Amino acid sequence: MIPYGRQLIDEEDVKAVVEVLMSDFITQGPKVEEFEKALTEYCQSPYAVVFNSGTSALYCIYRALGLSEGDEFITTPITFTATVSAGVLLGARPVFCDIEPDTGNMKTELLESLITDRTRLIVPVHYAGHPVDMERVWQIAQKYGLYVVEDACHALGSAYKGFKTGSCKFSHAVVFSFHPVKHITTGEGGAVLVKDRELYERLLKCRNHGIRRGEDWEYYVEFPSFNFRITDFQCALGLSQLRKLDKFVHKRRQIASKYYEVLGKNTRLELPVERSYAYHSYHLYPVRLKEKEKRRELFRYLRKAGIGVQVHYIPVYWHPFLQKLGYKRGLCPIAEDFYERVLSLPIYPGLKEEEFIYVVEKLEEFLSV
């Protein structure tokens, strides 16, 4: 099976992990801070806190910003459930902004119409690795006194108007994921980058049961939280992977260019775009079928051929937990149409030339009928 995405692990990565496994600390040791420092240097942001998953990272930054019962937060329906679930778990209500039909990102022109006196937070999602128009989001947030958290779980290695995603240039915080299908991996893992010291310290506490350390043996639980810690051997892998990130992104962009070259004239497909302000890191390569009724048939055809295509995403408010809260289909018509047409093709640094050719041949074979 050729997957839509996967990790690329080499001997350098293995050696880095083994060294930590044979050391004195396999968790809560020096590699955690080393990885955090490396992320701040790469993204050009003052502070980073790493977690055991991107979901944990989202939950903790929402909590650190005070999102709670009765609040609203605005995000997109074309995202993984974690973007929304993390806020719902805190008692907040998600408000969904429809999307741009070409990038899959939130349509920033709609944002102001969704803001109420209960809105506390805007969460733009950089779908597939293409940055949202963050300067516009930031201007709106500043006008209404709102927080901005970038869900950049797809977008490590991307940039907006020359600023690396993670710099927090136009946001209060940026969240990354290090799942194996992402740009770099720690197995499971995530991070929050922030520019505010107080926010950074709240994140550290949220990661570790709400604990503030005292002198000697004393510690104080300031609020109930969970163990969201990541291990040292995961961070050793992350450090090794981070050194190769630019090379990984370059390879993804090369594959995307080849897809454009081969599929660009196919009248039955719409391909991803890259806006002038964006440097796309291509976590995904989502194509859209003009004939939506053919999507399931194509999915099954390619899966049967050993190509692990995927659909990103079912609109979040279609899921049962939000349907029970009163959300109805039809809420974001552009997002729903996007979902009914989209299919993610394989794109990852280890994709071989012969695998790429096979994917394209099978796709065109289906579309030629």
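The simple spin-label model puts a point 7 Å past each Cα toward its Cβ; for LYS247 and SER368 those points are separated by 3.7 nm. The alpha-carbon atoms of the stretch 4-68 define a convex hull whose volume equals 139 cubic angstrom per residue. Applying 1/(1 + (r/R0)^6) with R0 = 51 Å to the Cβ-Cβ distance of ARG275 and MET22, what FRET efficiency is obtained, to the nearest 0.05? Result of the calculation: an efficiency of 0.60.
Averaging the sequence gap over all C-alpha pairs within less than 8 Å and six or more residues apart, then dividing by the number of residues, gives the stretch 70-126 a relative contact order of 47 percent. Derived scalar couplings between HN and Hα for the stretch 117-129 equal 6, 9, 5, 10, 8, 10, 10, x, 10, 7, 4, 6, x Hz in order, rounded to whole Hz, by the Karplus curve 6.51 cos²θ - 1.76 cosθ + 1.60 (θ = phi - 60°), x for Gly and Pro.
Taking the Cα centre of the stretch 202-299 as reference, the dipole from Cβ charges on Lys and Arg (+1) and Asp and Glu (-1) amounts to some 620 debye. Heavy-atom accessible area with a 1.4 Å probe sorts MET22, MET134, largest first, into MET22, MET134.
Relative to the compact-globule estimate of 2.2 N^0.38 Å, the Cα radius of gyration of the stretch 26-122 comes out at 1.28.
Per-residue ellipticity at 222 nm computed for the chain from its helices equals -11000 deg cm²/dmol, with DSSP H segments shorter than 4 residues left out and the rest contributing -39,500 (n - 2.57). How many angstrom lie between the C-alpha centres of the stretch 95-145 and the stretch 310-369? Rounded to whole Å, the Cα centres lie 22 Å apart. Each residue, GLN44 and SER68, gets one label point 7 Å from its Cα in the Cβ direction; the gap between the two is 3.7 nm. The residue among THR83, PRO94, ALA57 whose Cα reaches farthest toward the positive pole of the charge dipole of the stretch 56-138, with charges on the beta-carbon of Lys, Arg, Asp and Glu, is ALA57. With the convex hull of the Cα atoms taken as the outline of the stretch 160-211, the averaged projected area works out to 4.4 nm². The stretch 1-43 and the stretch 249-267 have their alpha-carbon centroids 30 Å apart. Working from the Cα coordinates of the stretch 31-86, the gyration tensor eigenvalues give, after taking √(5λ), semi-axes of 25, 13, 11 Å in decreasing order.
Projected onto their three principal axes, the Cα atoms of the stretch 194-305 cover extents of 68, 31, 29 Å, largest first. Distance between the pseudo-spin-label points of GLU201 and GLU33 (7 Å out from Cα toward the beta carbon): 1.6 nm.
By accessible area, using a 1.4 Å probe on protein heavy atoms only, the chain has 52% of its surface on carbon and sulfur. The listed residues LYS290, LYS324, LYS251 rank as LYS324, LYS290, LYS251 when sorted by accessible area, largest first, using a 1.4 Å probe. Rolling a 1.4 angstrom probe over the protein heavy atoms with all chains in place gives the stretch 1-73 an accessible area of 50 Å² per residue. Using R0 = 30 Å, the C-beta based FRET efficiency linking GLU291 and ASP10 works out to 0.15.
Quotient of the Cα radius of gyration of the stretch 240-369 and 2.2 N^0.38 Å, N being its number of residues: 1.17. For the chain, the antiparallel share of DSSP beta bridges with both residues in that region comes to about 65%.
Maximal additional length on extending the PHE226-PHE299 stretch stands at 22.4 nm, based on 0.36 nm per residue less the C-alpha distance.
Histogrammed with a bin width of 10 Å, the alpha carbon distances of the stretch 90-131 distribute as 26, 51, 22, 1 percent, first bin at zero. The gain in end-to-end length when the THR116 to ILE334 segment is fully stretched comes to 76.2 nm, 0.36 nm per residue minus the alpha carbon separation. Take every Cα pair under 8 Å whose residues are at least 6 apart in sequence, average their separation, divide by the length of the chain, and the relative contact order is 23 percent.
Derived value for the stretch 230-270: Kirkwood hydrodynamic radius 12.6 Å. Basis is the mean of 1/r over every pair of different alpha-carbon atoms.
The values are calculated or read from the model by the stated rules, or taken from the named source; none is laboratory data. Here the structure is a predicted model, which means the values were calculated and not measured. We place every Cβ from the backbone using ideal geometry, glycine too, and count neighbours over all the protein chains shown. Areas reflect the complete protein model, heavy atoms only, side chains present, ligands, DNA and RNA absent. Shrake-Rupley method; radii C 1.70, N 1.55, O 1.52, S 1.80 Å.
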